[in-house]
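S.K.: After the structure tokens below, expect a handful of questions from me.
Derivation of every value follows stated rules applied to the coordinates shown; laboratory data play no part. All of these numbers come straight from a predicted model, not from anything done at the bench. Cβ atoms come from the backbone with ideal geometry, glycine included; neighbour counts cover every protein chain shown.
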Ligand SMILES: C[S@@+](CC[C@H](N)C(=O)[O-])C[C@H]1O[C@@H](n2cnc3c(N)ncnc32)[C@H](O)[C@@H]1O
């Protein structure tokens, strides 16, 4: 049955321009991913009737996989499926598919050709106390699309939005609202919600109502969706609507698109879902150990008063004050290219590496800093790449400046600059950061949330490195003495 639906989907993909499908955030789940998602459900077969919701259902691939799974496991009761879809073109294919499923698997279905978000009440209305329609199981691959904060969808769900939201997070929250207590929802969504400020309200809503029971990660981004290369890294999550936390979350990974080489790790729940609701995608024991060790640390860069910040200068907007060589009144402007083997090496004969200004907003005190690149290439070995800048090497300058493609930490002593280098240049902290954030960007808010030792320990660590080579191995040896 799933094959029939997939064939029809492929015909639809071939007949509709990519640009149109993009408009709807439309790409279709592959057969293997749909089957995998359906099989994650732990269906209660004692119920005489089961209701399923598939919102943003496209051609119905996920519904087909779910019904296939339930019937092949021997369920004989009634199945009532509700599908939401706004694209009239895809709806005709959907209905053909649902008719086929109805004929072969005896289901009832309802297609709602309406906006899943705006046709329902999300924000609790004290006066009317609207009760949402609720379903036993929900399966979904929602549209992934950033939308402006003044769109009807964002306004309808303002309590879970921070700035411009992404439609997938709205679908997910509405799904949680539409789910019966104790029941399950499986979604395939980007991993971007797992950290950062933008999705904080989303995470809060999720964990106020549900627990995570399963997460699947794809080692390669290709072929998760049929006929489309979706560049965002996606994950499959299973949520259960209950407050009681399970001991562990089943973390699975596969490197192939047919899920033939799944590896499984049961990660402690609290290691994956941190107290601040960041979600760490831990897939093996080594990573779990890193989390456990780092999470025991008592401070953060904020509590020791040395926050990471983003560089001050957007170079293409300030071209008129940039110089290639020093002139009277010029100061060094530090770029990520000045980070070399653990140190900041300036000048390098780089274009625009001096800045001629007395504007305070463009300058920072010549002090001791740790610079960290904001952007690294995906294939680079390390996400955290840093360099130590010491003011004593540049005593002639009262100020310096930094380009916005680097982050910096102002350190209150050279030893602390070395100590923070030890931490951020260690394998342990690089691993921790990757578990926290899947993107290639280094986000200062997230670095500021990472647990670190007390300032005095950081200073000791720095002292231990000061007269050694600034290698990752040396940093690891020092870190391992202090963080066990
Ligand atoms: C990423 S596609 C996934 C389709 C299908 N679930 C699958 O996995 O193959 C999302 C679908 O949601 C539909 N959609 C977009 N916005 C919607 C909305 N506000 N309400 C209902 N459906 C919507 C799109 O037309 C598209 O078919």
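S.K.: What ranking do 251-259, 15-23 get when scored by the average of other Cβ atoms within 10 Å per residue, highest first?
M.R.: The peptides rank, most packed first, as 251-259, 15-23.
S.K.: What Rg and what Dmax come out for segment 36-155 when only alpha-carbon atoms are used, in angstroms?
M.R.: Final numbers for Rg and Dmax: 15.6, 47 Å.
S.K.: Hey, how many Å between the Cα centroid of segment 48-66 and the Cα centroid of segment 198-222?
M.R.: 21
S.K.: How many nm is it between the label spots at residue 22 and residue 47, if each spot is 7 Å from the Cα in line with the beta carbon?
M.R.: 4.0
S.K.: Moving on to the next point. To one decimal place, what Kirkwood hydrodynamic radius in Å is obtained for segment 289-328 from all pairs of distinct Cα atoms?
M.R.: 14.3
S.K.: How much length would be gained if the chain were fully extended between residue 164 and residue 78, taking 0.36 nm per residue of separation minus their Cα-Cα distance, in nm to one decimal?
M.R.: In short, 26.9 nm is gained.
S.K.: May I ask you to order 102-111, 30-39 by the average number of other C-beta atoms within 10 Å around their residues, highest value first?
M.R.: Peptide ranking by packing, descending: 30-39, 102-111.
S.K.: Follow-up question, since we're still on this one. At a 10 angstrom cut-off on C-beta neighbours, averaged per residue, how do the peptides 436-444, 69-77 rank from highest to lowest?
M.R.: Most protected by this proxy first, the peptides run 436-444, 69-77.
S.K.: In addition: Find the Cα radius of gyration of segment 236-280, compare it with 2.2 N^0.38 Å by division, and give the number to two decimals.
M.R.: Normalised Cα radius of gyration, segment 236-280: 1.32.
S.K.: A further question follows. Using Cα centres only, tell me the gap between segment 110-161 and segment 441-484 in whole Å.
M.R.: 45
S.K.: Using only the Cα atoms, what convex hull volume per residue in Å³ does segment 315-354 have?
M.R.: Hull volume over Cα atoms, normalised by residue count, gives 63 Å³.
S.K.: Give me the distance in nm between label points sitting 7 Å out from Cα along the Cα-to-Cβ direction at residue 466 and residue 243, one decimal.
M.R.: 5.3
S.K.: Two decimals, Cα atoms only, Kirkwood Rh: what is Rg/Rh over segment 361-484?
M.R.: Rg divided by Rh gives 0.96.
S.K.: Return P(r) of the chain (all Cα-Cα pairs; 10 Å bins starting at 0; whole %; ordered from short to long distances).
M.R.: Calculated over all Cα pairs of the chain, the distribution is 4, 18, 25, 21, 16, 11, 5, 1, 0 percent.
S.K.: Could you run the Debye sum over the Cα atoms of segment 223-356, one equal point scatterer each and no solvent, and tell me log10 of I(q)/I(0) at q = 0.17 Å⁻¹, two decimals?
M.R.: -0.99
S.K.: Right, another one. Kindly state, to the nearest 0.05, the FRET efficiency for residue 297 paired with residue 233, given R0 = 30 Å and r defined as their beta-carbon distance.
M.R.: Once the sixth-power term is evaluated, E becomes 0.65.
S.K.: Computed from the mean reciprocal separation of all distinct C-alpha pairs, what Kirkwood hydrodynamic radius does segment 2-283 have, in Å?
M.R.: So the Kirkwood estimate lands at 19.1 Å.
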